[in-house]
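Here is the structure we will look at, set down as structure tokens.
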Amino acid sequence: MSNSKFIDLFAGCGGLSLGLIKAGWKGVFAIEKTSDAFLTLSHNLVEGKVSGFDWPEWLPKEATTTSELLKNHAEELKSLKGTVDLIAGGPPCQGFSFAGRRNPNDPRNKLTSEYIEIVQLVRPKFLLLENVKGFTAAFNDAQEPAYAEIVKKRLTELSGGGYQVYSSMVNSSLFGVPQPRPRFIMIGIRKDLLNDDNAFEDPVALAKRTAMDFRISKRLNGHNITVSEAISDLEITGKILISSPDTSSFKQIKYEQPKELTPYQALMRENLEHGEAPNSLRLPRHREHIIARFEEVLIRCPKGKSLSKEDREYFGTKKQCFTPLAPDQLSRTITTLPDDVLHYSEPRILTVRENARLQSFPDWFEFRGKYTTGGDRRKVECPRYTQVGNAVPPLMAEALGRAILSLDQKQVDS
């Protein structure tokens, strides 16, 4: 563990924090507004197996917002100036996402401004901002540039000295995550750290350039990690079914570790006893006609591709993005909706744990809260499927964290 410290804003269930901690960073605190996601983060990274944070006494260990942080603790944030090396965060992306209804007036888009305001108060050496591809595209009905360009300009021109900003679209699969999951990555370096004697390589390019070294350090092969390499040990076939400890009316597999794990599975199962079961294995409880439909989808439709218009009409569904996974390919990008993907060989959607594997969460990481929610509760609750779908893949976060940490060490050594 280095002496480099970070703050995580819009932290979700802790994917970005977990990756940074694994890379060698120490957390100061993390801000997440939903109680379910914060409970998961706290259970694993604050109070749990990994003590990743030195939480300040002035900040309650509870769900809160960046707005409340600024309102109630501006002076404490100012006092952190010179002690925090990195502010990381992935402001909520629903207003930018091509997967949803892109809305330039979505109030969540403005949370990036609060991110920048906190940066202005704390003045860390480095910044890390992650978002969806839509962050880089202008809204069709807007005359202003893409929001990413606005954010870059504001960070560059911050009063008191801005940041040199580097950015690129990066595929998560580059770092061994079993899905493409393209993400917009922006890394900033405070300009006063830059001079002729202390030149920095573009940190996003550095992370890409050293991706293979990162994979080798994780004992992962050089090819894309396929769906079956990630989750084949979690199949129902050949397993005993038991009652779920979370919901007794649901079933889950009795986990039996195979004699040989794939390298990716072995990585996900590090720090667990042989055969120790991960949590969140609860199986979906489909009705018989849904199971029959899924069985036909697995026979009729090509795997690894969303259902065609003809197949959607045949099955009588209006769902635009429903994909039966291909075992020998990358997964499609995992979302917050559990019914976006179908298991490659079993007529069911994936479990939370299978989604977590495809997001590169290790098996020791335990999710808390409800599995799903609906109706008006979606605005205030963040169930397990949503927590996983919203997260930054920890493997990707760790690779980015290593790249930034190498720059911080260079700055210390110079």
**Message:** With angles folded into 0 to 90 degrees, how steeply does helix 66-79 sit against the dominant principal axis of the chain? Use alpha carbons for both and round to 10.
**Reply:** 40
**Request:** Tell me the label-point distance for the pair Lys319, Arg377, using the 7 Å Cα-to-Cβ offset, in nm and rounded to one decimal.
**Result:** 2.0
**Label-reachable residues, the range 365-398, where backbone N falls under 20 Å from a point 7 Å from Asn72's Cα toward its Cβ** = 380-382
**Message:** Tell me the mean residue ellipticity at 222 nm calculated for the chain from its helices only (DSSP H runs of n ≥ 4, each -39500 (n - 2.57), averaged over every residue, nearest 500).
**Reply:** -9000 deg cm²/dmol
**Fill in**
The lysines whose Cα lies under 18 Å from the Cα of Lys71, excluding any fewer than 8 residues away in the same chain, are Lys33, Lys61, Lys81, Lys110
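Given a 1.4 Å probe and every protein chain left where it sits, what share in percent of the accessible area of the chain is carbon and sulfur?
Details: 8960 of 18520 Å².
The C+S portion of the solvent-accessible surface of the chain is 48 percent.
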**Over the chain: Rg over Rh, Cα atoms, Kirkwood Rh** = 0.97
**Prompt:** What residue among Pro278, Gly374, Ile231 has its Cα farthest toward the positive end of the dipole of the chain, where the charges are +1 on Lys, Arg and -1 on Asp, Glu, each on the Cβ?
**Reply:** Gly374
**Asked** How big is the Rg/Rh ratio for the range 306-357, C-alpha atoms only, Rh by Kirkwood, two decimals?
**Response** 0.96
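Got a sec? What order do Arg293, Arg123, Arg332, Arg181 fall in by accessible area at 1.4 Å, biggest, i.e. largest, first? Each step should come with its number before you reach the end.
Numbers: Arg293 85, Arg123 25, Arg332 60, Arg181 0 Å².
Output order, biggest surface exposure first: Arg293, Arg332, Arg123, Arg181.
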**Accessible-area value, Asp54, 1.4 Å probe, nucleic acids and ligands omitted, Å²** = 90
**Asked** Taking the Cα centre of the chain as the origin and placing charges on Cβ (Lys, Arg +1; Asp, Glu -1), which of Ile291, Phe6, Gly160 is farthest toward the positive end of the dipole?
**Response** Ile291
**Surface per residue (accessible, 1.4 Å probe) for the chain, Å²** = 45
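The values are calculated or read from the model by the stated rules, or taken from the named source; none is laboratory data. Keep in mind that what you see is a predicted model, and the values were worked out from it rather than measured. Every residue, glycine among them, receives a Cβ derived from its backbone with ideal geometry; neighbour counts consider all protein chains shown. Just the protein is used for accessible areas: all its heavy atoms, side chains included, with ligands, DNA and RNA removed. Shrake-Rupley method; radii C 1.70, N 1.55, O 1.52, S 1.80 Å.
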